[in-house]
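Only one structure is covered here, and it is reproduced in the block below.
The values are calculated or read from the model by the stated rules, or taken from the named source; none is laboratory data. All values derive from a computational prediction rather than experimental measurement. Here the Cβ positions follow ideal geometry from the backbone for every residue, glycine too, while neighbour counts run over all protein chains shown.
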Amino acid sequence: MPLSDALRGNGFVRVLEADSIAELDTVIAGEPAGELALISLEFGPAADRVIEELLRAGWFRALVTVPFNDSGPVIRAFGAGASGFLRGAPARPEAPNEPVIDYHLSEREIEVIRLVADGRSNRWVGQQLGVSMLTVKSHMARISRKFGTGDRAHIVGRALRAGVIR
């Protein structure tokens, strides 16, 4: 059952649908703002503009649906104001899809990434795990080498994409 049908069935949700960016623009211009907008990142870079416009138009939250394994569009959507994302299978077979990579992380490295994904500092993570801030920094350095990036957001994005964390 499509999500829109399930939402309509509860009687409390107004569902507006659009199959193109032009239809989304019409919805934004002609409909009153709502509580939640779901925007598919299959619309490409235009989805970022739509997110910004929905929020300016008074929509309370914008969630993006991510039908592929690429963190770049998700990061851009958050930059545009998205509140969160839902990950699912591609609606179109030609949607980009990356293979899942095994980064060979230790259990402790996974614990560290989970806490970092919650926006925690190295000091806070260390306190929670009973280790020093320098030990957490050392874990992050090893994780960075394994992921090929020193950027915390990219590490978290890659960990999410690889299924290391949820």
Of the conditions (1) at pLDDT 80 or above; (2) basic (Lys, Arg); (3) not in a helix (DSSP H, G or I), the single one that Arg76 does not satisfy is (3)
Quick one: what pairs do we get from the stretch 152-166, first residue buried (at least 20 other Cβ atoms within 10 Å of the Cβ), second among the aromatic types (Phe, Trp, Tyr), C-beta under 6 Å, 6+ apart or different chains? Ile155/Phe147; Arg158/Phe147
Please go through (1) within 30 Å of Lys137 (Cβ to Cβ); (2) surrounded by 14 or more Cβ atoms within 10 Å (Cβ to Cβ); (3) modelled with pLDDT under 85 for Leu63 and return the number of the only condition it doesn't satisfy. (1)
Checked the stretch 19-44 for anything surrounded by 15 or more Cβ atoms within 10 Å (Cβ to Cβ) and out of contact with any Phe, Trp or Tyr (no Cβ under 9 Å at 6 or more places or on another chain); matches are Asp25, Val27, Leu38, Ile39, Ser40, Phe43
Any idea how many residues of the stretch 25-73 are part of a helix (DSSP H, G or I), under 28 Å from Arg161 (Cα atoms) and polar (S, T, N, Q)? 1
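Residue-by-condition table, conditions (1) modelled with pLDDT under 85; (2) not hydrophobic (A, V, I, L, M, F, W, C); (3) not assigned by TED's automatic domain parsing to the domain that holds Arg76:
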{"position": "Ala95", "(1), (2), (3)": "yes, no, yes"}
{"position": "Val100", "(1), (2), (3)": "yes, no, yes"}
{"position": "Glu111", "(1), (2), (3)": "no, yes, yes"}
{"position": "Arg114", "(1), (2), (3)": "no, yes, yes"}
{"position": "Ala117", "(1), (2), (3)": "no, no, yes"}
{"position": "Val125", "(1), (2), (3)": "no, no, yes"}
{"position": "Val136", "(1), (2), (3)": "no, no, yes"}
{"position": "Val156", "(1), (2), (3)": "no, no, yes"}
Residue list for the stretch 15-25, filter: under 14 Å from Ala47 (Cα atoms) and β-branched (Val, Ile, Thr): Ile21
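Just for the stretch 113-151: of the residues that are of a type in the set (D, E, K, R) and touching a helix residue (DSSP H, G or I) at 6+ places or on another chain (Cβ under 6 Å), which one is surrounded by the most Cβ atoms within 10 Å (Cβ to Cβ)? Write out each step before concluding.
Within the stretch 113-151, the first condition is being of a type in the set (D, E, K, R), and the residues that meet it are 114, 118, 120, 123, 137, 142, 145-146, 151.
Filter again for touching a helix residue (DSSP H, G or I) at 6+ places or on another chain (Cβ under 6 Å), leaving 123, 137.
Values: Arg123: 12, Lys137: 14.
Within the stretch 113-151, the match that is surrounded by the most Cβ atoms within 10 Å (Cβ to Cβ) is Lys137.
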